[in-house]
Amino acid sequence: MSISNSHRRNSHNLVVLGIETTCDETACAVVENGRRVLSNVVSSQVELHAPYGGVVPEIAGRAHLEAINPVISEAIDRAGVAPKHRATSDKPGIDAIAVANTPGLIGSILVGLMAAKTLAWVWRLPLVGVNHLHAHAYAPCLDADPVEYPAVALIASGGHTSLYLSRSCLDVELLGATIDDAAGEAFDKVSAILSLGYPGGPAIEQAARAGRADKIKFPRTLLDEKSLDFSFSGIKTAVLYYVNGTPGAIRSGVSKGIENLTKQDIADIAACFQAAMVDMMVIKLRRATLANKAKTIIIGGGVSANSALRKAVVELGKDIGVKVRLPMLQYACDNAAMVAGLAYHYLRAGKIDDLQLDAIPTTRR
Ligand code: KG4
Ligand code: ZN
């Protein structure tokens, strides 16, 4: 995706090239002044992982290696920019290289990180490492107005589900996170249980459209009264038992199994599971927003593409009188524009890394 770059640029504009390879998307984007997306190229590996029902780290790392150079070239071409030493009046120069270096799959992060370090070294540009989850929380600022802070951000993806308090895009504090499965992982696993395919989120959302969300009351795990952590393993097991029966029922031969469910049954289960997931996330968002007197609610990560969640968050905002900022769909899932956009603010604040920048697979930030 690229947008027109026909606007006038002046010498104060900062052009950042961002790279994102933390999971299964090879992405590169060029963003001007932290907001204007000049190009946003994403190469998805979804077809490679679909037969396994989830991301296979070794396959992901190898696929990034094949895709990274063409994806970077395409992002530069589409943006109409050039390395700084080859900049002309028509082709502005790239001022910095940004990369998501944490958290994610180590073999995947390393591919993007090495590419970013190479470009920074060869082109003598500053290198900026960005936390992938903080970048998701920045995504609503792309091609849009700045966010009003403090904001509470729910970042829910295939690997993470975290709540943040953003005092600004540079000052981000972790309020809570999942203690077991990520929300996206729960969607993917329930989709597998229901034989709906991979990735599970869009498949469940599609099936749920024909379902009745009040048919089955799946549990809402909220942990203790004030907790801002999440737990999604219980609902996954509840769906598994609902479909296949509990171990005891299976042994005694009374369970039904997926082959005995009608299309309508599956749609109902998908709708009720989705409703429970949305409830759990929205309840925690409400708690965190009120407790921190936030002015804005942000959602991000692949799960934030879910229309039932988006609708419920908009309703929550109306209910408690807080602004809601949803990322555009192309910036909700993994992309590099969010990385380049956030890095602009790091650069302005002098937060620059050197070539020793590490790949950090896990983080509690
Ligand atoms: O942020 P993302 O693109 O990659 C990771 O960093 O994991 O998130 C991918 C996850 C997958 O688990 C996928 O099933 C989920 O986001 N997802 C959705 C939807 N679209 C993607 N979950 C619920 N509803 C959706 N519409
Ligand atoms: Zn992500």
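The values are calculated or read from the model by the stated rules, or taken from the named source; none is laboratory data. Note that the structure is predicted; figures quoted are calculated from it, not measured. Note that each Cβ is placed from the backbone with ideal geometry, even for glycine, and that neighbours are counted across all protein chains shown. Ligands, DNA and RNA are stripped out before the accessible areas are found, and what is left, the full protein with its side chains, is counted by its heavy atoms. Shrake-Rupley method; radii C 1.70, N 1.55, O 1.52, S 1.80 Å.
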| field | Residue match in the stretch 186-208 (condition: small (Gly, Ala, Ser), away from ligand 2 (no atom under 16 Å from the Cβ) and more than 17 Å from VAL239 (Cβ to Cβ)) | value | no
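Just to be sure I understand, how many residues within the stretch 245-258 are on the phi > 0 side of the Ramachandran plot and either surrounded by fewer than 13 Cβ atoms within 10 Å (Cβ to Cβ) or modelled with pLDDT of 95 or more (or both)?
Restricting attention to the stretch 245-258, the residues satisfying the condition of being on the phi > 0 side of the Ramachandran plot are 245, 253, 257.
Still in the list and also either surrounded by fewer than 13 Cβ atoms within 10 Å (Cβ to Cβ) or modelled with pLDDT of 95 or more (or both): 253, 257.
The number of residues fulfilling the criteria is 2.
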| query | Going by the conditions given, is PRO126 touching a helix residue (DSSP H, G or I) at 6+ places or on another chain (Cβ under 8 Å), open to solvent by 20 Å² or more (accessible area, probe 1.4 Å) and either at pLDDT below 95 or not small (Gly, Ala, Ser) (or both)? | reply | yes
| remark: Scanning the stretch 305-343 for residues that are closer than 14 Å to LEU154 by Cβ and within 13 Å of ligand 2 (Cβ to nearest atom), the one most open to solvent (accessible area, probe 1.4 Å) turns out to be ALA305
| said: Exactly one of these conditions fails for LYS293: (1) surrounded by fewer than 21 Cβ atoms within 10 Å (Cβ to Cβ); (2) without any contact (Cβ under 8 Å) to a residue 60 or more places away in the chain. Give me its number. | reply: (2)
| remark: Of the listed residues (ALA343, ALA276, ALA288), the one being of a type in the set (A, V, I, L, M) and more than 30 Å from LYS226 (Cβ to Cβ) is ALA343
| task | Considering every residue within the stretch 133-152, establish whether at least one is within 16 Å of ligand 1 (Cβ to nearest atom) and part of a strand (DSSP E or B). | result | no
| said: Which count do you get for residues in the stretch 88-123 that are touching a residue at least 40 places away in the same chain (Cβ under 8 Å), in a helix (DSSP H, G or I) and more than 11 Å from THR22 (Cβ to Cβ)? | reply: 6
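Considering only residues that are away from ligand 1 (no atom under 16 Å from the Cβ) and either open to solvent by less than 10 Å² (accessible area, probe 1.4 Å) or not in a loop (DSSP other than H, G, I, E, B) (or both), which ones fall in the stretch 153-174? Steps first, answer last, please.
So in the stretch 153-174, the residues away from ligand 1 (no atom under 16 Å from the Cβ) come out as 165-174.
Residues satisfying the conditions are LEU165, SER166, ARG167, SER168, ASP171, VAL172, GLU173, LEU174.
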| query | Residue check: is ASP77 acidic (Asp, Glu), open to solvent by 20 Å² or more (accessible area, probe 1.4 Å) and either in contact with a strand residue (DSSP E or B) (Cβ under 6 Å, 6 or more places away or on another chain) or modelled with pLDDT under 95 (or both)? | reply | no
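Scan the stretch 148-157 and tell me whether some residue there is within 26 Å of GLY197 (Cα to Cα) and acidic (Asp, Glu). Explain how you work it out, then say what you get.
Quick first cut of the stretch 148-157, residues within 26 Å of GLY197 (Cα to Cα) only: 154-157.
Cutting the leftovers down to acidic (Asp, Glu) gives us none.
No, there is no match, as no residue in the stretch 148-157 is within 26 Å of GLY197 (Cα to Cα) and acidic (Asp, Glu).
Could you pull out the residue among ASP181, ASP188 that is open to solvent by less than 50 Å² (accessible area, probe 1.4 Å) and assigned to a helix (DSSP H, G or I)?
Numbers: ASP181 fails: assigned to a helix (DSSP H, G or I).
Answer to the check: ASP188.
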| task | Look at the stretch 192-244 and say how many of its residues are open to solvent by 60 Å² or more (accessible area, probe 1.4 Å) and assigned to a helix (DSSP H, G or I). | result | 6
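Of the residues HIS49, HIS7, which single one is surrounded by fewer than 23 Cβ atoms within 10 Å (Cβ to Cβ), outside any strand (DSSP E or B), at pLDDT below 95 and more than 14 Å from ligand 1 (Cβ to nearest atom)?
Going through HIS49, HIS7 in turn, the sole match is HIS7.
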| task | Could you tell me whether the stretch 114-121 includes any residue that is at positive phi and either more than 16 Å from ligand 1 (Cβ to nearest atom) or at pLDDT 95 or above (or both)? | result | no
| request: Search the stretch 12-35 for residues being surrounded by fewer than 20 Cβ atoms within 10 Å (Cβ to Cβ) and farther than 14 Å from ALA98 by Cα, and hand back the single one that is farthest from ligand 2 (Cβ to nearest atom). | output: HIS12
